[in-house]
Amino acid sequence: MTTIDDSTKNVLATITAQQAARRQSAPAWEQISDPAATPLPTQGVASTASETNKKAKAEKSKKADDFKERNITRIQTTGGRAKYRVQIRRKVNGKSRSLCETFRHLANAKKWRDKKLAEIELHGFPMQIATDTTIADVIADRLKRGKKLGKSAQQNIEYIRDHEFGETKVSLLTQQQLYDFAEKLLDGDRTPQTVAGYMTHLAATLKWV
């Protein structure tokens, strides 16, 4: 067994005392003997960031839940801004119909909604135009759901409904076709004033689209 003389013990004791004094005066982070045993500062930062994100999401969800506006849904974009989608649904002839439009400003969304609701109250739900919907279809829909027309106005649009022009698809109707139809009406010995009446009633009917 190796023995340690008194002088060696004294040297070791001195070194140990110096190390202890140095550790006591060193910064706290230098006193950590086992880094793995102590959480790194970044762990606390990550935890704080996670909590902040959770609070932000909760606040965003709360704001969304607080928004209540008839027929309007608020949509949060990825940039943090809001859009407003107006959707009005009704049952028409047993089928579900919908009007939908999206706006950047709530005031515009409200204005469009109120206008459409007033139109529906007055004229009924507007007809959804499909690629095969004809002028005759729109006229029939107006005669069925619209307010009663005067005798002359009804005769005019019934004539258009039964004319070959009535088979024109609304989705493909052009201004030139309207001009050509007016010319055909003039060729039938009608006065310009009478033709103007036909075209006026047709234009009013097409607003149902």
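For region 97-105, state whether one or more residues are touching a helix residue (DSSP H, G or I) at 6+ places or on another chain (Cβ under 6 Å), within 30 Å of Thr194 (Cα to Cα) and outside any loop (DSSP other than H, G, I, E, B). No: region 97-105 contains no residue that is touching a helix residue (DSSP H, G or I) at 6+ places or on another chain (Cβ under 6 Å), within 30 Å of Thr194 (Cα to Cα) and outside any loop (DSSP other than H, G, I, E, B). Look through Lys116, Lys111 and report the one residue that is within 30 Å of Ile72 (Cα to Cα) and in contact with a Leu (Cβ under 8 Å, 6 or more places away or on another chain). Answer to the check: Lys116. With respect to the stated conditions, Thr52 is more than 19 Å from the chain's Cα centre (by Cα) and either of a type in the set (Val, Ile, Thr) or at pLDDT 90 or above (or both). Filtered by the rule that a residue be basic (Lys, Arg), touching a strand residue (DSSP E or B) at 6+ places or on another chain (Cβ under 7 Å) and farther than 22 Å from Lys207 by Cα, region 68-109 gives Arg74, Lys83, Arg85, Arg104.
For the structure I just gave you, tell me whether Glu183 is outside the structural domain of Gln87 (by TED's automatic domain parsing), touching a strand residue (DSSP E or B) at 6+ places or on another chain (Cβ under 9 Å) and not hydrophobic (A, V, I, L, M, F, W, C). Criteria not met by Glu183.
Results for (1) in a helix (DSSP H, G or I); (2) touching a helix residue (DSSP H, G or I) at 6+ places or on another chain (Cβ under 8 Å), shown as yes or no for each residue.
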| residue | (1), (2) |
| --- | --- |
| Lys111 | yes, no |
| Lys115 | yes, no |
| Ala118 | yes, no |
| Asp132 | no, no |
| Leu149 | no, yes |
| Ser171 | yes, no |
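Each residue in region 143-168 was checked for being of a type in the set (Val, Ile, Thr) and within 37 Å of the chain's Cα centre (by Cα), and 1 pass. Checking Thr168, Thr194, Thr200 one by one, the residue that is among the polar types (S, T, N, Q), at pLDDT 90 or above, in contact with a strand residue (DSSP E or B) (Cβ under 8 Å, 6 or more places away or on another chain) and surrounded by 11 or more Cβ atoms within 10 Å (Cβ to Cβ) is Thr168 and no other. Pairs linking a residue in region 93-117 that is without any contact (Cβ under 8 Å) to a residue 60 or more places away in the chain and charged (D, E, K, R) to a residue that is assigned to a strand (DSSP E or B) and surrounded by fewer than 13 Cβ atoms within 10 Å (Cβ to Cβ), with Cβ atoms under 9 Å and 6 or more positions apart or on different chains, are Arg97/Arg89; Arg97/Lys91.
Among the criteria (1) in contact with a Leu (Cβ under 9 Å, 6 or more places away or on another chain); (2) assigned to a helix (DSSP H, G or I), the one Ala204 does not fulfil is (1).
The values are calculated or read from the model by the stated rules, or taken from the named source; none is laboratory data. Bear in mind the structure is a predicted one, so any value in this text is a computation, not a measurement. Cβ: placed from backbone, ideal geometry, glycine included. Neighbour counts: every protein chain shown.
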